[in-house]
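Here the structure is laid out as structure tokens; the discussion comes afterwards.
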Amino acid sequence: MDKTNALRAGALAAGTTLMMLLMTSPALALTRDDGDDPGTGLSVVETLGLYVVAPIALFLAITGLVMVLDKSHKKKDTTSSNIRIKAADTQAEIKA
């Protein structure tokens, strides 16, 4: 990468970072805005249930449904590993 492209990439990264910091500054304000009506906060149990237990439960439910409804185990093995060929009678081959 030449010097011009490196400078351009650095300027773009710095500009993007600066814009992100400027856009998040209202989120850090200490004064309330007009029309704000925040509710009560979540308790520790509610927070853990919402952000830890619920996603794990959804993951397990989806995994269980996929395993129960999976039809691929019913397919027969069509590869050569399940083909049984009886060995030819060596005496019959010799006579023929």
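Does region 29-38 contain any residue that is in a helix (DSSP H, G or I) and open to solvent by 100 Å² or more (accessible area, probe 1.4 Å)?
Within region 29-38, the first condition is being in a helix (DSSP H, G or I), and the residues that meet it are none.
No, there is no match, as no residue in region 29-38 is in a helix (DSSP H, G or I) and open to solvent by 100 Å² or more (accessible area, probe 1.4 Å).
Inclusion of residue 30 among residues that are at pLDDT 85 or above and either on the phi > 0 side of the Ramachandran plot or among the hydrophobic types (A, V, I, L, M, F, W, C) (or both) is not warranted.
The values are calculated or read from the model by the stated rules, or taken from the named source; none is laboratory data. Computed from a prediction, not measured in an experiment: that's the story for all the values here. The protein model used for the area step is the full one, side chains on, heavy atoms only, and it has no ligands, DNA or RNA in it. Shrake-Rupley method; radii C 1.70, N 1.55, O 1.52, S 1.80 Å.
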